[in-house]
Amino acid sequence: MVRLQIWLVTLFASVKPIARLMHTAWGWPLAESVHFIGLSLLVGTVGLFDLRLLGLGQRIPIAAMHRLIPWGLAGFGINAVSGIAFLLAEPDQYVYNPSFHVKVLFIAAAGVNALTFYLTTYRKVTANGAPVGAPPAAKAMAAISLSLWIGVIIAGRLLTFYRPFPCQPPEPGFLATCIPGFHANWK
Amino acid sequence: MDSLFRWIESSALSVWTRESTSLIAYPAILSAHAIGMALAAGVNAAIALRLLGAASEIPMAEMRRYAGVAWIGFAINAVSGMLLLIAYPTKALTNPMFYLKLSLIAVGLALFVAVNRRLEQWTSEARTWIGVALLVSWGSAIVAGRLLAYTYRRLMAG
C-alpha cells in the first residue's frame, strides 16, 4: 500500500494547473465553500429520503420522495470535483492522512449500500400502490446510509487534526499515515 | 471590549474548548457544527428545490413534516456555534464576516419560518422567489461561515 500511496502522490502532484489555481488567494476558500454547499445538498436530499424510508413523513409516497435523489447526486458530483481539486493541490496531506482513509472507506461503503438498495428493494418500495411503510431491509439500508454520511462529514472535519508529517522511525508498514521520505526500499 | 474578550478567553470552558487535545473538544464541536449545517441548510435546500418545482409529486404541505429535522440542525449549531464563539470570541467578534454570517442565517431562518406558517397564502410566483431567496441566504451563510477562517484579523485579545 505504501508504494501505491507514493505512486498516487507523485501522480496527483504532476497535475499542476489545478494546484496553481487552488493556491491562489481565493482558490482554497472558494473550493471549501463549494464543498460545504455540496455536502448540505447531499445530506438534505439523500438524508430526507433515508428518513422517509425509516418512517418519517409517511404521507409522502416513497417514489415521490425519491425525486429528490438526483439533487443529492448533483451534490455528490460537486463534492467529487471540489474534493479532487484539494487532492491534486496537496496530495500528501490526504493520501497519508488516516482520517482521509476512513473518509474514502465510508464513501465507498455508502456507494455499495446505495447500489444494494437499488438492486434489491428499490423497485418494490417505489412501485405503484407500494405499501406506506418500507420493509425492514430498506430501513436497515437507510439507517446505514445516514450513519455513513454523518461519518463522512466527521472524517472530513477531522482531516486537519490528523495532518501527516514526515515519517519518523519506525518506518511505515502496510499503510503510511506519515509522509515517507525517499527511502531505497520504496523505490 | 478587549477586557470582555479576555475574560471569556480565560474562562475554564473557553480554555478547555480551545486547548484540550481531546477529540471531544474542538474536533467534535467542529464536526457537530458541520453536521448541524448539513441538516439545517440541507433541509432548507430541499424545501427550496420543491418550491422551485423539483420533485413536484411531493405534497408541499407534507414536505413541512421535515421542518423538525432542520430545527434539530439549528439547535446543534446554536450550541456548537456558541462553544466555538466562547473558544475564540475575539476572532469572531472583530470580524465583519461573522456579523454578515449571522445576518444571513437570520434571513434564512425568517424565510424558513414563513414557509412553515403561511405558504398557502402565496401565489406560485411568490413561492418561486421565496425558493430562490432560501437557496441564496443559506448558500451564502455557508460561504460566509467558511470564509471566517480566512478573514479574521485578530485571533485572541489576551
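The values are calculated or read from the model by the stated rules, or taken from the named source; none is laboratory data. Keep in mind it's a predicted model, so treat the numbers as computed, not measured. For neighbour counting, all protein chains shown are included, and Cβ atoms are generated from backbone atoms with ideal geometry for every residue, glycine included. What goes into the accessible areas is simple: the full protein's heavy atoms, side chains included, and nothing from ligands, DNA or RNA. Shrake-Rupley method; radii C 1.70, N 1.55, O 1.52, S 1.80 Å.
As an exercise: evaluate A:Val132 against (1) within 14 Å of chain B (Cβ to nearest Cβ); (2) open to solvent by less than 30 Å² (accessible area, probe 1.4 Å) and give the number of the one condition it does not meet.
(2)
Mind listing whichever residues of segment B:136-153 are basic (Lys, Arg) and surrounded by fewer than 20 Cβ atoms within 10 Å (Cβ to Cβ)? Lay out the reasoning, then the answer.
Here is the first cut: in segment B:136-153, the ones basic (Lys, Arg) are B:146, B:153.
Selection gives B:Arg153 alone.
Could you count how many residues in segment B:18-37 are surrounded by fewer than 19 Cβ atoms within 10 Å (Cβ to Cβ) and in contact (Cβ under 8 Å) with a residue 60 or more places away in the chain?
The qualifying residues number 1.
Looking at (1) among the hydrophobic types (A, V, I, L, M, F, W, C); (2) within 24 Å of B:Pro96 (Cα to Cα); (3) surrounded by 15 or more Cβ atoms within 10 Å (Cβ to Cβ), which is the one condition that is false for B:Phe112?
Single failed check for B:Phe112: (2).
Out of A:Ala108, A:Ala127, A:Ala143, A:Ala138, which single residue is of a type in the set (A, V, I, L, M, F, W, C) and buried (at least 17 other Cβ atoms within 10 Å of the Cβ)? Walk me through how you get there before you give the answer.
Numbers: A:Ala108 fails: buried (at least 17 other Cβ atoms within 10 Å of the Cβ); A:Ala127 fails: buried (at least 17 other Cβ atoms within 10 Å of the Cβ); A:Ala143 fails: buried (at least 17 other Cβ atoms within 10 Å of the Cβ).
Sole residue among the options that is of a type in the set (A, V, I, L, M, F, W, C) and buried (at least 17 other Cβ atoms within 10 Å of the Cβ): A:Ala138.
Out of B:Met82, B:Met63, B:Met97, report the one residue that is open to solvent by 20 Å² or more (accessible area, probe 1.4 Å) and free of Cβ contacts under 8 Å to residues at least 40 places away in the same chain.
Details: B:Met63 fails: open to solvent by 20 Å² or more (accessible area, probe 1.4 Å); B:Met97 fails: free of Cβ contacts under 8 Å to residues at least 40 places away in the same chain.
One residue alone meets the criteria, B:Met82.
Among the residues of segment A:43-61, is there at least one that is among the aliphatic types (A, V, I, L, M), within 12 Å of another protein chain (Cβ to nearest Cβ) and out of contact with any helix residue (DSSP H, G or I) (no Cβ under 6 Å at 6 or more places or on another chain)? Reasoning before the result, please.
First pass over segment A:43-61, keeping only residues among the aliphatic types (A, V, I, L, M): A:43, A:46, A:48, A:51, A:53-54, A:56, A:60.
In the following step, the residues that additionally are within 12 Å of another protein chain (Cβ to nearest Cβ) were identified as A:43, A:46, A:48, A:51, A:54, A:56, A:60.
Right, trim to out of contact with any helix residue (DSSP H, G or I) (no Cβ under 6 Å at 6 or more places or on another chain) and you get A:51, A:56.
Within segment A:43-61, one or more residues are among the aliphatic types (A, V, I, L, M), within 12 Å of another protein chain (Cβ to nearest Cβ) and out of contact with any helix residue (DSSP H, G or I) (no Cβ under 6 Å at 6 or more places or on another chain).
Go through segment A:167-187 and give me each residue that's closer than 13 Å to A:Val95 by Cα and either modelled with pLDDT under 90 or assigned to a loop (DSSP other than H, G, I, E, B) (or both). Working first, answer last.
Start the filter on segment A:167-187 by keeping residues that are closer than 13 Å to A:Val95 by Cα, which leaves A:175-180.
Answer for segment A:167-187, where residues must be closer than 13 Å to A:Val95 by Cα and either modelled with pLDDT under 90 or assigned to a loop (DSSP other than H, G, I, E, B) (or both): A:Leu175, A:Ala176, A:Thr177, A:Cys178, A:Pro180.
Could you tell me whether B:Arg117 is free of Cβ contacts under 8 Å to residues at least 40 places away in the same chain and either open to solvent by less than 20 Å² (accessible area, probe 1.4 Å) or within 11 Å of chain A (Cβ to nearest Cβ) (or both)? Talk me through it step by step, then tell me what you get.
Numbers: free of Cβ contacts under 8 Å to residues at least 40 places away in the same chain: yes; either open to solvent by less than 20 Å² (accessible area, probe 1.4 Å) or within 11 Å of chain A (Cβ to nearest Cβ) (or both): no.
No: the conditions fail for B:Arg117.
In this structure, does B:Ala92 turn out to be more than 18 Å from A:Gly47 (Cα to Cα) and surrounded by 17 or more Cβ atoms within 10 Å (Cβ to Cβ)? Talk me through it step by step, then tell me what you get.
On the way: more than 18 Å from A:Gly47 (Cα to Cα): yes; surrounded by 17 or more Cβ atoms within 10 Å (Cβ to Cβ): yes.
It is true that B:Ala92 is more than 18 Å from A:Gly47 (Cα to Cα) and surrounded by 17 or more Cβ atoms within 10 Å (Cβ to Cβ).
Of the residues that sit in segment A:64-79 and are open to solvent by less than 40 Å² (accessible area, probe 1.4 Å) and among the hydrophobic types (A, V, I, L, M, F, W, C), which one is farthest from the other protein chains (Cβ to nearest Cβ)? Full working, then the answer.
At the first step, the residues of segment A:64-79 found to be open to solvent by less than 40 Å² (accessible area, probe 1.4 Å) are A:64-66, A:68-69, A:72, A:75, A:77, A:79.
With the extra rule that they be among the hydrophobic types (A, V, I, L, M, F, W, C), the set shrinks to A:64-65, A:68-69.
Working: A:Ala64: 4, A:Met65: 6, A:Leu68: 5, A:Ile69: 9 Å.
Going through the qualifying residues, I end up with A:Ile69.
If you check A:Gly38 against the conditions, is it more than 8 Å from chain B (Cβ to nearest Cβ), out of contact with any Leu (no Cβ under 9 Å at 6 or more places or on another chain) and under 15 Å from A:Arg157 (Cα atoms)? Can you show your working first?
Working: more than 8 Å from chain B (Cβ to nearest Cβ): yes; out of contact with any Leu (no Cβ under 9 Å at 6 or more places or on another chain): yes; under 15 Å from A:Arg157 (Cα atoms): yes.
In short, yes.
Do you know which residues across segment A:20-41 are open to solvent by less than 20 Å² (accessible area, probe 1.4 Å) and among the hydrophobic types (A, V, I, L, M, F, W, C)?
Correct list: A:Met22, A:Ala31.
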